[in-house]
1. Report whether or not L42 is assigned by TED's automatic domain parsing to the domain that holds A113, touching a helix residue (DSSP H, G or I) at 6+ places or on another chain (Cβ under 9 Å) and either assigned to a loop (DSSP other than H, G, I, E, B) or surrounded by fewer than 24 Cβ atoms within 10 Å (Cβ to Cβ) (or both).
2. Given the residues G286, G274, G219, which is the only one that is surrounded by fewer than 21 Cβ atoms within 10 Å (Cβ to Cβ) and in contact with a strand residue (DSSP E or B) (Cβ under 6 Å, 6 or more places away or on another chain)?
3. Filter segment 184-205 for residues that are under 27 Å from P251 (Cβ atoms) and not in a loop (DSSP other than H, G, I, E, B) and give the result.
4. Would it be correct to say that Y87 is at pLDDT below 95 and over 16 Å from I199 (Cα atoms)?
5. Suppose we filter G202, G245 for residues that are assigned by TED's automatic domain parsing to the domain that holds F108, surrounded by fewer than 20 Cβ atoms within 10 Å (Cβ to Cβ) and on the phi > 0 side of the Ramachandran plot; which single one remains?
6. Return the residue satisfying two criteria in turn: it lies in segment 290-318 and is under 14 Å from the mean Cα position of the chain (by Cα), of a type outside the set (K, R) and part of a loop (DSSP other than H, G, I, E, B), and of such residues it is farthest from ligand 2 (Cβ to nearest atom).
7. In this structure, is T361 among the polar types (S, T, N, Q), modelled with pLDDT under 90, assigned to a loop (DSSP other than H, G, I, E, B) and surrounded by fewer than 20 Cβ atoms within 10 Å (Cβ to Cβ)?
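The values are calculated or read from the model by the stated rules, or taken from the named source; none is laboratory data. All values derive from a computational prediction rather than experimental measurement. No Cβ is skipped: glycine too gets one built from the backbone with ideal geometry, and neighbour counts run over all protein chains shown.
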Amino acid sequence: MTAVNSALSAAQCEFRSNRAGHHYGAGIYGGPNSTAAVSSCLFAENRAEGSGATIGGGAIKHEGEMLTVTNSAFVNNVGLLTMGGSYPGATGGATQSLGKLVVRGSYFGGNQANNGGALAVYSAATIVNSVFSGNHALSGPTLWTTGYGGAIAILASQPSQINLEGVTIAANTATEDAGGIYFSGFGGAATPPLVENSILWGNRSSNNELAQFQEQVHGPVNLWYDDIDGLAAGIPGEEPPQCPGCMDADPLFVGPLGVDGLVGTLDDDLRLAGGSPVIDAADNSGFAGITTDMDGNSRFVDDPNTADTGLGTPPVADMGAYEFGSAPAAPTPTVTSASTPVVGTPTPTSTATPGDTAIATATSTVAPSATPTVCVGVPMAPVVVDPPDGTTLNVRRVWLDWTDVSCAMHYEVVVRARAIDGRRVGWRRNLTESQYRTRALPPNRSCFWQVRACNTSGCGGWSVWSQFNLVQ
Ligand SMILES: [Ca+2]
Ligand SMILES: [Ca+2]
Ligand SMILES: [Ca+2]
């Protein structure tokens, strides 16, 4: 699919085994003046290969205004330089991003490219609650430097804010430098990225001269409340790495290879096992505006068996993509005498594998039709449906739509201009339907909105912030 001067959105879809030549992404190409929003999609075995100065993005190449990726999975996509010489290497096996990028709740496994096995980032980016497992950066037939950044290569050459929040990066490899995250810094011209509340574990590079720490992350990256393999040993002969609130301890993943015994496939389970040192060890403020983890469960859950070593008012969040012990509230009897079946919210389930969250959003928690719905406590957070995150619209009044939440009696919506802490331009409480049409909003503006569901017990968590852009 290609978008130029337009808004593209794709949901609950699969892009498989596509091929692209020297310039375009094999799955999606977002060209100049476009936005693209992808949600609940699987990208598998797409390849962008050939020769050229900008080749890459096996699944998605993004040169537009905004690319939003939500609850999706990228597996075994490839960006490769096949004939080199004076061309630089292909970057971003899954996604090559030259415009603004937001990734939430997504899985990247087994992708490869010359630089940035999964992701190559050239511009502002926010990556939240996502997993990178078994991606690979491999040297190419070129005079340029290749084999950098097994999971992510940050190649911005000018100031751009790049944040990783609650990200798990494990068992990625690079032939040259930084199996995890590589940041060149371009002579100090680029803004140092922030890697916060994240796990970098077991990433490797074949360059034996590197310290174990540099195999996880290389370059002037700001680190804050992370678990990093080799941090304690640091880089021999250099000052210890600056990493406040950080640790160097096995995060105790449940099953990093999954049942197939292979790294980089959809069944890799990077959830935390009991006793993991990263439980209740994050800085809550880093998750401001984020209410859920990669499974769509609450981001803030206390584990009573773990001392809180993180920062913030309990419950304290965990490092990495998954919150330990977080699950949808278990129902116990009361309320509703529903004679009609009530269908629950199709949020990703807590038992789903990363792949399931990508392709199986239809698996909802459905109450048996003969049984009255039981409700206790506040409702779950709704999931934003429309407009898809990052959409550009040319209307002034916008229809907002979200999933019905079981046990909700009414909804509350907030719309803010320019930023999630910007001026409030819309606010409604006591909405009895799961949709709302705003009043006329300011033109030529980005708006951010979220919604929560309420009942007699109070209001549940807010949905993830969603953005739309108004042109007119
Ligand atoms: Ca596996
Ligand atoms: Ca605790
Ligand atoms: Ca916690």
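1. On the way: assigned by TED's automatic domain parsing to the domain that holds A113: yes; touching a helix residue (DSSP H, G or I) at 6+ places or on another chain (Cβ under 9 Å): yes; either assigned to a loop (DSSP other than H, G, I, E, B) or surrounded by fewer than 24 Cβ atoms within 10 Å (Cβ to Cβ) (or both): yes.
Considered against the rule, which asks whether it is assigned by TED's automatic domain parsing to the domain that holds A113, touching a helix residue (DSSP H, G or I) at 6+ places or on another chain (Cβ under 9 Å) and either assigned to a loop (DSSP other than H, G, I, E, B) or surrounded by fewer than 24 Cβ atoms within 10 Å (Cβ to Cβ) (or both), L42 comes out as yes.
2. On the way: G286 fails: surrounded by fewer than 21 Cβ atoms within 10 Å (Cβ to Cβ); G274 fails: in contact with a strand residue (DSSP E or B) (Cβ under 6 Å, 6 or more places away or on another chain).
That would be G219, the only listed residue that is surrounded by fewer than 21 Cβ atoms within 10 Å (Cβ to Cβ) and in contact with a strand residue (DSSP E or B) (Cβ under 6 Å, 6 or more places away or on another chain).
3. Result: L194, V195, E196, I199, L200, W201, R204, S205.
4. On the way: at pLDDT below 95: yes; over 16 Å from I199 (Cα atoms): yes.
Criteria met by Y87.
5. G245
6. Narrowing segment 290-318 to residues under 14 Å from the mean Cα position of the chain (by Cα): 290-296, 299.
This time we only want the ones that are of a type outside the set (K, R), so: 290-296.
Okay, now just the ones that are also part of a loop (DSSP other than H, G, I, E, B), so 290-291, 293-296.
Details: I290: 19, T291: 19, D293: 16, M294: 20, D295: 19, G296: 22 Å.
Of everything passing the filter in segment 290-318, G296 is farthest from ligand 2 (Cβ to nearest atom).
7. The answer is no for T361.
Table: residues versus (1) touching a Gly at 6+ places or on another chain (Cβ under 6 Å); (2) modelled with pLDDT under 90; (3) under 21 Å from A11 (Cα atoms).
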| position | (1), (2), (3) |
| --- | --- |
| C407 | no, yes, no |
| Y411 | no, no, no |
| Q450 | no, no, yes |
| S457 | yes, yes, no |
| Q467 | yes, no, yes |
